[in-house]
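The values are calculated or read from the model by the stated rules, or taken from the named source; none is laboratory data. Bear in mind that the values here come from a model prediction, so they are computed numbers and not experimental data. Quick reminder, even Gly has a Cβ in these numbers, built from the backbone with ideal geometry, and neighbours come from all protein chains shown. All accessible areas refer to the heavy atoms of the entire protein, side chains included, with ligands and DNA or RNA removed. Shrake-Rupley method; radii C 1.70, N 1.55, O 1.52, S 1.80 Å.
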Amino acid sequence: MSSRSSKQQPVEPVLITFNRAEKVHATLSAFFKAGWADRTFHVLDNASTDNTADVIKAFQDNWPGLHYHRNSYNIGGNANILRSLEIATSPYHWVIGDDDEWIFESADELEDILNAGKADVIRLGWLAKEYSRGCYILLSDLLDSEPLVFASTSMISATIIRRSKITPSLPLAYHHVAYAYPQLVSLLTEDPANVTVYTLADNYMVHIPSSEIGYFIGDLEWYACWFSMGKLIKNQHLRFKFLREIFVLMRGENVSRLTIAIWLTKVALNAKGMNMAQGSFLLRMLGEGKGYRLPIFVAGLAYCLTPFPLARFLRKTVRQLAGKSTEIPSRAESRL
């Protein structure tokens, strides 16, 4: 990145974290080495109890634009994502996680696009198709061509959005903070014909799936939250596509209703084998999953009719054959 000019910086990244000082150090080191030391950069700490504050302080001696903000209380991952909007005031908003790999191959291209100010959304490469890279495309056209548009923009680190597109929907986003990806509210409620998307030609970052315990335990809870967010989309065709994306992400582009039914049944029985109450998530998905209700009903029926001892036996057998642990995970505290 080139030196900061006298005009306002087009984007001030906000790194959100919770109790992962080592990962914060790695992320800040990557940005520092990539030339961000003369830029404004924020860290929003969700009330960490480790040495995160000390890590930030060590960087600030050589990074005058690095600002540290700490919540008084742990407000949860989703709320911290939205809270980040109040930290920076730049024209574009970029909230990033602390556990991704940064490669900066498109540094000059990103700066050019940010300074041009024509894109409402800038995708840094995650899940993007090659034919969408290096050009401006209306979100409406992108939704007709790519199978994982919403999924690609759900990754906070890989998406930069014009602030003026987000702030009008902030109250609604807070209203939906209990569900997944509240940062998507602005894109789900906006007319896609009014949103211009630019996708970098080369990846700026690579998402590294976490090996740590996640907030959601079992895919059904995650799916149910995704379905709840889908209610915000008024256009039924786009809503159908949004719901489908979560199954495409898990099972591939050629997913059918039969594939979905089998997959959901497997997920549901796996949950029952852990003695986890998942019926409420299936009911919510059934109510909100117009277009996918038959496969959801099939999975729900299997979940209700399969005895717990059988579900537990099936889960243990399948995981042992796959060489996976049979221990039941617990829900993690907020990591952001």
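Among the residues of the stretch 134-147, just one is in contact with a Lys or Arg (Cβ under 8 Å, 6 or more places away or on another chain), open to solvent by 40 Å² or more (accessible area, probe 1.4 Å) and either in a helix (DSSP H, G or I) or at pLDDT below 95 (or both), namely Ser145. Within the stretch 78-107, the set of residues being under 17 Å from the mean Cα position of the chain (by Cα), modelled with pLDDT under 95 and more than 20 Å from His25 (Cβ to Cβ) comprises Asn78, Ala79, Ile81, Leu82, Arg83, Leu85.
If you go through the stretch 295-304 and keep only what is touching a helix residue (DSSP H, G or I) at 6+ places or on another chain (Cβ under 8 Å) and open to solvent by 50 Å² or more (accessible area, probe 1.4 Å), you end up with Phe297, Val298, Cys304. Remark: pairs (first residue in the stretch 242-254, free of Cβ contacts under 8 Å to residues at least 40 places away in the same chain and closer than 17 Å to Lys266 by Cβ; second residue among the polar types (S, T, N, Q) and assigned to a helix (DSSP H, G or I); Cβ separation under 7 Å; 6+ apart in sequence or on different chains) = Arg251/Thr259. Starting from residues that are open to solvent by less than 70 Å² (accessible area, probe 1.4 Å) and not in a loop (DSSP other than H, G, I, E, B), keep the ones in the stretch 305-336 and report whichever is modelled with the lowest pLDDT. Filtering first and then ranking leaves Arg319.
Considering only residues in the stretch 61-102 that are farther than 15 Å from Asp45 by Cα and touching an Asp or Glu at 6+ places or on another chain (Cβ under 8 Å), the one that is surrounded by the fewest Cβ atoms within 10 Å (Cβ to Cβ) turns out to be Thr89. Within the stretch 254-294, which residues are open to solvent by less than 50 Å² (accessible area, probe 1.4 Å), of a type in the set (A, V, I, L, M, F, W, C) and outside any helix (DSSP H, G or I)? Residues satisfying the conditions are Val255, Met274, Met276. Among the residues of the stretch 178-203, the ones that are out of contact with any strand residue (DSSP E or B) (no Cβ under 7 Å at 6 or more places or on another chain), part of a loop (DSSP other than H, G, I, E, B) and modelled with pLDDT of 90 or more come to 4 in all.
The residue of the stretch 4-25 that is modelled with the lowest pLDDT, among those that are in a loop (DSSP other than H, G, I, E, B) and either crowded, with 18+ Cβ neighbours inside 10 Å or in contact with a helix residue (DSSP H, G or I) (Cβ under 8 Å, 6 or more places away or on another chain) (or both), is Arg4. Hey, does the stretch 114-135 have a residue that's among the polar types (S, T, N, Q) and within 19 Å of Pro13 (Cα to Cα)? Checked against the condition, which is being among the polar types (S, T, N, Q) and within 19 Å of Pro13 (Cα to Cα), the stretch 114-135 yields at least one hit.
In the set Ile113, Ile156, Ile122, only one residue is aliphatic (A, V, I, L, M) and either modelled with pLDDT under 95 or touching a Lys or Arg at 6+ places or on another chain (Cβ under 7 Å) (or both); that residue is Ile156. A Cβ distance below 6 Å, combined with a sequence gap of six or more or placement on separate chains, defines the contacts here; from the stretch 286-299, residues that are closer than 11 Å to Arg239 by Cα and without any contact (Cβ under 8 Å) to a residue 60 or more places away in the chain reach residues that are part of a helix (DSSP H, G or I) and open to solvent by 10 Å² or more (accessible area, probe 1.4 Å) in the pairs Gly291/Phe240. Which condition from (1) of a type in the set (D, E, K, R); (2) surrounded by fewer than 18 Cβ atoms within 10 Å (Cβ to Cβ); (3) closer than 16 Å to Ala201 by Cα; (4) touching a strand residue (DSSP E or B) at 6+ places or on another chain (Cβ under 8 Å) is the one that Lys118 breaks? With (1) of a type in the set (D, E, K, R); (2) surrounded by fewer than 18 Cβ atoms within 10 Å (Cβ to Cβ); (3) closer than 16 Å to Ala201 by Cα; (4) touching a strand residue (DSSP E or B) at 6+ places or on another chain (Cβ under 8 Å) applied to Lys118, the lone miss is (3). Among the numbered conditions (1) within 21 Å of the chain's Cα centre (by Cα); (2) open to solvent by 60 Å² or more (accessible area, probe 1.4 Å), the only one that Ala58 does not meet is (1). In the set (1) of a type in the set (Phe, Trp, Tyr); (2) part of a loop (DSSP other than H, G, I, E, B); (3) under 15 Å from Thr196 (Cα atoms), Phe150 fails one condition alone, (2).
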